[in-house]
Amino acid sequence: MFKLPQLPYAKTGLAPFLNEEQMTFHYDKHHKAYIDNLNKFIETDASLKGKSLEEIVLSSTGGIFNNAAQIWNHTFYWFNMAPAGQGAQPSAELSAAITRDFGSLDELKVKFIDGGVKTFGSGWIWLCVDGGGKLSLVSTSNAAVPFTNNGPAPILVADVWEHAYYVDYRNLRAKYLETFWSHVNWKFVSDTFASKKVADLTKSMV
Ligand code: MN
């Protein structure tokens, strides 16, 4: 069974980027619903008991995958944001990789936002690292994660489902993503980049 992970800041901590009403719908209703749904599957399916969230994501399909992956995606999303001015800077190693693979942090930002805007329907825009340290942008639909089928490990994500921004931004996905960029938790992103591995999020919710 999994618990809703604690936010690493107060529910008002990201305001005015994301205000309390937006956070309350997204975290207390959407994210919690995925947790409740997965726990119902676990109650009735012995093969799921004792598995980490990452193991369930990598081994499931259908409704189990959708709920498990959405728990993983949302937890990562909360952890990779920080209140304005508290997100630190990319590490020297990450900065060098960004310059090598995107030209500059500004160019990465433009491409990340563009990738999020162009993600059709509901989904996620991810910055990922492969085992060799190469960075890439990946857009996924619905609950999908980049790391299935030996794909790269996520180091940064923005939720581009409308439920992530509709309270504060209505239909303005680009404005939401632009403001997201000034709330990135670069310490979390840099640490995840350094590990070159899929983050272990299970420990924050058991
Ligand atoms: Mn969401």
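Hand me the tally of lysine pairs in segment 57-206: alpha carbons under 26 angstrom apart, and the pair either on different chains or 8 or more positions apart.
Counting lysine pairs in segment 57-206 gives 20.
Which part of segment 97-139 falls in the paramagnetic zone of His163, meaning amide N under 13 Å from the point 7 Å along Cα-to-beta-carbon?
122-123
By average Cβ neighbour count within 10 Å, what is the ranking of 35-45, 117-127 from highest down? Before the final figure, lay out each step's value.
Details: 35-45: 15.1, 117-127: 18.4.
Most protected by this proxy first, the peptides run 117-127, 35-45.
Would you kindly give the portion of the calculated P(r) for segment 79-136 that falls above 18 Å, as a percent of all Cα pairs?
When every Cα pair of segment 79-136 is considered, 44 percent fall beyond 18 Å.
What's the magnitude of the charge dipole for segment 18-206 around its Cα centre, counting Lys and Arg as +1 and Asp and Glu as -1 at the beta-carbon? Answer in Debye, nearest 20.
200 debye
Give the separation of the Cα centroids, segment 85-129 to segment 177-206, in Å.
Each part's Cα centre sits 12 Å from the other's.
Find, to one decimal place in angstroms, the Kirkwood hydrodynamic radius of the chain, where the mean of 1/r is taken over every pair of different Cα atoms and then inverted.
Details: mean 1/r = 0.0581 Å⁻¹.
Hydrodynamic radius (Kirkwood, Cα only) of the chain equals 17.2 Å.
Suppose R0 equals 25 Å. What FRET efficiency, 1/(1 + (r/R0)^6) with r the Cβ-Cβ distance, do Val110 and Tyr9 give to the nearest 0.05?
E(calc), rounded to 0.05, equals 0.40.
Taken together, the values in this text are just the output of simple stated rules run on the coordinates, not laboratory data. As the structure is a prediction and not an experimental result, all values here were calculated from the model. Quick reminder, even Gly has a Cβ in these numbers, built from the backbone with ideal geometry, and neighbours come from all protein chains shown.
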